Amino acid sequence: MRQPAHGGNLAWAAALAGCPPDAILDFSASISPLGPPDSAIAAIQSHIGNLRHYPDPSYSELRLALSHFHELPSEFILPGNGSAELLTLVGRELAELAATVVMTPAFGDYYRTLSAYNAQLLEFPVNWESEADLSLFLDKAQNLKEVGLLLNNPHNPTGKLFLRQSILPYLDQFGLVVVDEAFMDFLPPEEEQSLISLIQEYENLVVLRSLTKFYSLPGLRLGYAIAHPHRLSRWQLWRDPWPVNTLAAAAAIAALQDREFQQQTWLWLPPARNQLLGGLEAIPGLTPGKGAANFLLVESKESVSHLQQQLLKHHQVLIRDCLSFKELGDRFFRVAVRTQVDNQRLLTALHSVMSSEC
């Protein structure tokens with residue numbers, strides 16, 4: 001079976017570990033361990049009967065729920081079949097510009113969508129060991145009105161959080177700015193650095209969001225884009241008429257209204273992340289970086305491919321190698337933050353494997 005380019009491939013991991021997929025403890029996909037919320041499951045169950053009908057092609061109820069959640073008009077919102085589908089639409093639009101700047105190491109789907117439309121690519125490295133800062137790039141950049149910018153915040157895979165004010169200058173510099181905020185909702189409202197509040201002011205701004213990671217619903221495939229209505233109307237002409245299924249839309253509406261689940265997640269993450277960070281720092285040969293989201297990037301003195309295999313074969317634990325990030329290669333891996341019990345199992349397994357390699 002081919003090595004996966006994304007995390008969460010339990011079939012591949014189980015084949016390598018020689019166990020059923022449900023026996024794998026998955027740290028490779030950065031999904032909250034607290035969900036799905038009961039409210040979302042109840043909404044799915046209550047809408048089973050609606051499967052005999054097509055979804056509303058305008059997704060008016062879902063867009064209204066998102067409108068209330070973000071406090072902006074619903075015409076600025078476009079639901080999609082995961083943020084991946086919306087990223088494909090973004091790639092088509094970016095390809096119309098002279099070039100697109102991508103902050104590296106970059107999420108592999110950025111390369112997929114840009115190459116699909118033969119977009120010209122410019123790469124700018126982010127130093128994962130220092131504070132997130134984009135100002136150095138502005139000093140080197142010139143004539144950017146025909147250039148697009150594609151970045152994620154918090155940055156994947158480093159976990160660095162770009163401050164809102166560090167991105168603001170780009171909105172006046174670039175022809176199109178796309179900010180993938182797939183992990184932004186893991187920060188409580190008083191800490192997040194979202195650009196959503198600026199969407200009505202800047203027609204060249206697109207913000208992508210995912211509902212699958214925070215609410216543990218990756219199997220439903222649900223994301224949304226926030227952008228100027230004329231841009232979203234154009235995208236509508238490029239895609240299938242019913243990209244979001246009925247059950248996904250119902251689950252999303254319920255999850256957005258679940259304030260208790262949201263608060264629970266914001267209270268869970270910091271101590272669980274600190275536990276995992278401290279445990280990784282204590283293991284010789286591993287150097288973890290601090291992160292603002294629900295995952296950590298770790299540098300290893302040993303081959304990560306070998307480490308990954310040993311963890312699977314002897315402990316049924318799956319970590320995310322970084323081979324698909326060309327700047328990182330076989331000396332880095334990424335791990336999701338899970339419950340404290342799960343985190344400790346990972347730390348114990350890592351310590352055991354790293355000790356045996358010494």
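The values are calculated or read from the model by the stated rules, or taken from the named source; none is laboratory data. Everything quoted here is computed from the prediction, not taken from an experiment. Quick reminder, even Gly has a Cβ in these numbers, built from the backbone with ideal geometry, and neighbours come from all protein chains shown. For the accessible areas, the whole protein counts, side chains as well, though only heavy atoms, and no ligand, DNA or RNA atoms are used. Shrake-Rupley method; radii C 1.70, N 1.55, O 1.52, S 1.80 Å.
Here the helices (runs of 4 or more DSSP H) wholly within region 7-80 that include at least 3 residues being assigned by the TED database to the domain that holds Leu222 and either under 30 Å from His228 (Cα atoms) or among the aromatic types (Phe, Trp, Tyr) (or both) are 60-70.
Out of the residues in region 116-160 meeting the condition of being open to solvent by less than 60 Å² (accessible area, probe 1.4 Å), touching a Gly at 6+ places or on another chain (Cβ under 8 Å) and at pLDDT 65 or above, tell me which one is nearest to Ala98 (Cα to Cα). Among those residues, the one meeting the criterion is Val147. Taken across region 101-115, residues that are more than 19 Å from the chain's Cα centre (by Cα), surrounded by fewer than 18 Cβ atoms within 10 Å (Cβ to Cβ), assigned to a helix (DSSP H, G or I) and assigned by the TED database to the domain that holds His228 do occur, with at least one present. Would you confirm whether any residue within region 343-350 is open to solvent by 30 Å² or more (accessible area, probe 1.4 Å) and free of Cβ contacts under 8 Å to residues at least 40 places away in the same chain? Looking for residues that are open to solvent by 30 Å² or more (accessible area, probe 1.4 Å) and free of Cβ contacts under 8 Å to residues at least 40 places away in the same chain, one finds at least one in region 343-350, hence yes.
Condition check ((1) buried (at least 18 other Cβ atoms within 10 Å of the Cβ); (2) of a type outside the set (Ser, Thr, Tyr)) across all residues:
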position	(1), (2)
Ala17	yes, yes
Ile24	yes, yes
Ser28	yes, no
Gln45	no, yes
Gly49	no, yes
Tyr59	yes, no
Arg63	yes, yes
His68	no, yes
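Scanning region 199-223 for residues being buried (at least 23 other Cβ atoms within 10 Å of the Cβ), touching a Pro at 6+ places or on another chain (Cβ under 7 Å) and of a type outside the set (A, V, I, L, M, F, W, C) gives a total of 2.
When each of Ile196, Ile167 is tested for being open to solvent by less than 10 Å² (accessible area, probe 1.4 Å) and assigned by the TED database to the domain that holds Ala40, the lone residue that passes is Ile167.
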